Amino acid sequence: MRLAYTMTDGRGELDPLLHDLAQDAMARGLRVAGIVQVNRDRPGCARCDMDAIVLPDGPVIRISQSLGREARGCRLDPEGLETAVAVAETRLAAGADLLLVNKFGKQEAGGHGFRPVIAAALEAGTDVLVGVNRLNIDALLAFAGDMAERLPAEAGALRDWLPASCGSQGR
């Protein structure tokens, strides 16, 4: 089992990269659990809606809440995230070669969200890849210890890191 993370500098750049990686992994025949995020523009609003696609095949769960046009605070809907976590945890328990988590965020930094699912995946010998931003990198590294490997946010490098085949537990 391996744990890797990747990060980008631009807002929203990591989401499509991880979405495409999930599609590539599944096309290779890998059993993928976790979530990827899709952002959808909202007419008349500067902020988008955030939806989590539970891998491998849904459902799509809204993980943001609308706080109004001028709101500047955190828009994460903790209830929506916990629903996505519960569904992803069930999928992981059914067997996976890879757990993909779009973001080790504020919830995970605080010990919630996908953090217990990541731990369960590692205990089961499943490879884990997470996205992270600069605000939460220290919390991820504290959680992972020396186990975490940083990968460049490049499609080829991420694909090269994927497990070799279905049922493989690391390389």
Would you mind estimating how fast the range 89-171 diffuses translationally, via Stokes-Einstein at 20 °C and 1.002 mPa s with the Kirkwood radius over Cα pairs, in µm²/s? 161
Using θ = phi - 60° and Karplus 6.51 cos²θ - 1.76 cosθ + 1.60, couplings along the range 2-16 (whole Hz; Gly, Pro as x): 10, 10, 10, 9, 9, 8, 10, 8, x, 5, x, 6, 6, 4, x
log10 I(q)/I(0) for the range 122-167, Debye formula on C-alpha points only (no solvent), q = 0.26, 0.32 Å⁻¹, two decimals, reads -1.14, -1.26
Note, ³J(HN,Hα) from phi for the range 22-27, Karplus 6.51, -1.76, 1.60, rounded to Hz, x at Gly and Pro: 4, 4, 4, 4, 5, 5
Between Ala119 and Asp20, what is the label-to-label distance in nm when each label sits 7 Å out along the Cα-to-Cβ direction? 3.5
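Computed from the coordinates by the stated procedures, all read-outs in this text should not be read as laboratory data. Bear in mind that the values here come from a model prediction, so they are computed numbers and not experimental data. Cβ atoms come from the backbone with ideal geometry, glycine included; neighbour counts cover every protein chain shown.
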